[in-house]
Amino acid sequence: MILQALSLTLRLAVLVSVILMAIGLPLGYWLASSRCRWKFVVEAIVSLPIVLPPTVLGFYVLVAIGPLSPLGRWYHSITGGSLAFTFRGLVLGSILYSLPFAVQPIAASFASVDRKLLEASSTLGASRWRTFWRIVFPLGFPGVLTGFVLSFAHTLGEFGVVLMIGGNIPGATQTVSILIYDQVQSLNYAIANRTALLLLLLCFGLLTLLYGLRRRGRWVLWGW
Amino acid sequence: MVVNGSESAVPAHEVSIHVQKRLPGAGNGGTPFQLDVRFTIAAGFTILFGTSGAGKTTVLDCIAGLQKPNSGRISVDNVTLFDSAKGIDLPACRRHIGYLFQTLALFPHMTVRQNIDYGLSALDRRERDGRTSQIAESFGISGLCDRRPSAISGGERQRVALARALVTRPCALLLDEPLTALDAVTKTRILEDLRRWNDRHAVPILYVTHQREEVYALGNRVMVLEAGKLIADGTPHQVLTRPQFESVAQLAGFENIVEGSVVASHPEQGTMTCRITGTSVCLEVPLSRVDTERPVRVGVRAGDILVATSPPQGLSARNVIAGSIVSLRQQDVTVIAEVDCGTTFVVHLTPGARNSLGLKVGTQLWLVAKTYSCHILQ
């Protein structure tokens, strides 16, 4: 039971943090370099999940993917199923919930890259695409790494959103944190303790790895 | 012009620029002003001189495509880079114009070699390595190729940045005060390398500076920019002899300009000896070029010359020249003396100095000038 929940949680965390990289890199680059006058609105939206109670976010996501909403109907017309109370729904909710933890470190580290380097790159004939991968990405890599690990760890530990969207279906939507809650409710403190300890050690290990790598910054940054 | 970088660009014969742009003014609370310049530059050095905040860097940025003019037209030979009327605005990466920033902007995470060949990505490996090695050789940085920019000296960094811009064989080159931070000898050597490179490639080079010495050292032509307008344009000598504007006057601050030729150079002491044409008078001046036997002009400010009425001894100053006063007049609180030493020097004194030394026309005296008071102009 623990292993099933753990494997589901890890799958969820890997999937969410990888997808968040795909969203976070372009979004972070845009936030770091755009002079669009409405940028602050996007920044506010990206930061919302930090301040909102997970239940609020979960509730609205649940409504949005329910059978009565346009999104839910559209999804139903394509796949014949529903997002609510499924693993895919969980992925969607977690992406929204962990978005700031991926985007903010990435945007901050991209913004700290000297603009002159980007200008030099373009006068040397490099396109924006090439400039991004040769200059911005390697120099902003510590932020990318932080964004990846934080969104991974944050997804591992989320509770409220998962509870709202996923319900508590073993093998489909029951993550480790939900399992712990479940066990405590049924007064199975021994199992709850083991599960909680596992999660604690996992998160601690990840963060230790992250900060350890950042200490050896230059190696991580430029050694490859 | 070839813009994909797979072949070298044909050197341009002419870059023509017409830029109008509103600028916010220097610093906080600076008054906004309109940048409005129109000029054409040909192969060789053109100096763009002006005080800071005059809009020099903006002009370069507009040519390179890093800033967008409000209106105007920029073209290289018959290729239009920017034309507000026709809606043309080629992105910087397709303009093929070399740009050396004041801060150099070397990529800190790449080695010197990776920095240099950054602009050659469209070439195959052999061609790229060949060109990189060749330019590293000619700028004397071959030994540094595997180092990172943080591990080399300031002068070496300038060379790397220059090599990086030139290896792509740009059709024009923009330099934004790239040598300001260097000592005179290093600066001179780098400029000689650049000059040698351009003897072969003959591209238009627009060199921005606010340092007077560089104007004289480099200039075929100097343009003076003040508050967004070009107020003078000509050879350094032409601009210098008509100092009707404030920044030109700042350029022209030399009352004494003598022609001469280098008879010996002492690189180890950072000096050279030059003889004033038509006289036997020799001056010791700061080293400014490595080759001798070339004509030079030496500028000395009238206020930088000391006067002694007997042969001075125990001085650190290396230039002591005997002469006699041919004219003496007072203008406001400055006494202006003309002294004949074979060539005529103008010397500024205070009335007190004139009185205590008892100077009058015909007085025999010795002029004293430090090596560093003698400025090589050309």
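The values are calculated or read from the model by the stated rules, or taken from the named source; none is laboratory data. Quick caveat: nothing in here was measured; it's all calculated off a predicted structure. Here the Cβ is made from the backbone with ideal geometry for all residues, glycine too, and neighbour counts use every protein chain on show.
Return a yes/no flag: does segment B:191-210 have any residue that is touching a strand residue (DSSP E or B) at 6+ places or on another chain (Cβ under 7 Å) and aromatic (Phe, Trp, Tyr). Scanning segment B:191-210, I find at least one residue that is touching a strand residue (DSSP E or B) at 6+ places or on another chain (Cβ under 7 Å) and aromatic (Phe, Trp, Tyr), so the answer is yes. The set of residues in segment B:80-93 being away from chain A (no Cβ under 14 Å), aliphatic (A, V, I, L, M) and surrounded by 15 or more Cβ atoms within 10 Å (Cβ to Cβ) is empty.
Restricting to segment B:312-346, give me the number of residues that are assigned to a strand (DSSP E or B) and more than 23 Å from B:Thr277 (Cβ to Cβ).
First, pick out the residues of segment B:312-346 that are assigned to a strand (DSSP E or B): B:319-331, B:334-340, B:344-346.
Going one step further and asking which of them are more than 23 Å from B:Thr277 (Cβ to Cβ), we end up with B:328-331, B:334-336.
Qualifying residue count for the region: 7.
Of the residues making up segment B:94-134, those that are free of Cβ contacts under 8 Å to residues at least 24 places away in the same chain, in a helix (DSSP H, G or I) and within 14 Å of another protein chain (Cβ to nearest Cβ) number 2. Across segment A:1-50, the number of residues qualifying as basic (Lys, Arg) and modelled with pLDDT of 90 or more comes to 2.
Are any residues in segment B:50-74 closer than 13 Å to B:Leu23 by Cα, touching a strand residue (DSSP E or B) at 6+ places or on another chain (Cβ under 7 Å) and within 14 Å of another protein chain (Cβ to nearest Cβ), and if so, which ones? If the condition is that a residue be closer than 13 Å to B:Leu23 by Cα, touching a strand residue (DSSP E or B) at 6+ places or on another chain (Cβ under 7 Å) and within 14 Å of another protein chain (Cβ to nearest Cβ), then B:Thr57, B:Thr58, B:Cys62, B:Lys68 are the ones that fit. If we scan segment A:83-102, do we find a residue that is part of a loop (DSSP other than H, G, I, E, B), out of contact with any Pro (no Cβ under 8 Å at 6 or more places or on another chain) and surrounded by fewer than 13 Cβ atoms within 10 Å (Cβ to Cβ)? No: zero hits. Screening B:Leu175, B:Leu162 for residues that are surrounded by 20 or more Cβ atoms within 10 Å (Cβ to Cβ) and outside any helix (DSSP H, G or I) leaves exactly one candidate, B:Leu175.
For (1) in contact with a Pro (Cβ under 8 Å, 6 or more places away or on another chain); (2) surrounded by fewer than 18 Cβ atoms within 10 Å (Cβ to Cβ), each residue gets a yes or a no:
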position: B:Val300; (1), (2): no, no
position: B:Pro311; (1), (2): no, yes
position: B:Val333; (1), (2): yes, yes
position: B:Thr344; (1), (2): no, yes
position: B:Pro351; (1), (2): no, yes
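When you look at A:Gly72, is it of a type in the set (Gly, Ala, Ser), at positive phi and over 15 Å from the mean Cα position of the chain (by Cα), yes or no?
Details: of a type in the set (Gly, Ala, Ser): yes; at positive phi: no; over 15 Å from the mean Cα position of the chain (by Cα): yes.
Judged against the criteria, A:Gly72 is not a match.
With respect to the stated conditions, B:Arg147 is surrounded by 15 or more Cβ atoms within 10 Å (Cβ to Cβ), charged (D, E, K, R), outside the structural domain of B:Lys21 (by TED's automatic domain parsing) and over 30 Å from B:Leu35 (Cα atoms).
Pairs meeting the criteria (first residue in segment B:162-180 and closer than 17 Å to B:Thr103 by Cα, second residue of a type in the set (Ser, Thr, Tyr) and surrounded by fewer than 24 Cβ atoms within 10 Å (Cβ to Cβ), beta carbons under 7 Å, at least 6 apart or on different chains) are B:Arg164/B:Tyr118; B:Asp176/B:Thr57; B:Glu177/B:Thr209.
Remark: B:Ser153 matches the filter, which requires a residue to be modelled with pLDDT of 90 or more, outside the structural domain of B:Pro267 (by TED's automatic domain parsing), surrounded by fewer than 21 Cβ atoms within 10 Å (Cβ to Cβ) and of a type in the set (S, T, N, Q).
Between A:Val61, A:Val51, the distinction of being more than 21 Å from A:Ala172 (Cα to Cα) and either surrounded by 14 or more Cβ atoms within 10 Å (Cβ to Cβ) or under 21 Å from the mean Cα position of the chain (by Cα) (or both) belongs to A:Val51 only. Among the residues making up segment A:120-174, those that are within 14 Å of chain B (Cβ to nearest Cβ) and in a loop (DSSP other than H, G, I, E, B) are A:Leu124, A:Gly125, A:Ala126, A:Ser127, A:Gly140. Residue pairs whose Cβ atoms lie under 8 Å apart, separated by 6 or more positions or on different chains, with the first residue in segment B:135-156 and farther than 16 Å from B:Arg195 by Cα and part of a loop (DSSP other than H, G, I, E, B) and the second at pLDDT 90 or above and among the basic types (Lys, Arg), are B:Ile141/B:Arg159; B:Cys145/B:Arg113; B:Asp146/B:Arg113. Summed over segment B:194-212, residues that are surrounded by 17 or more Cβ atoms within 10 Å (Cβ to Cβ) and either touching a Lys or Arg at 6+ places or on another chain (Cβ under 9 Å) or part of a loop (DSSP other than H, G, I, E, B) (or both) total 4.
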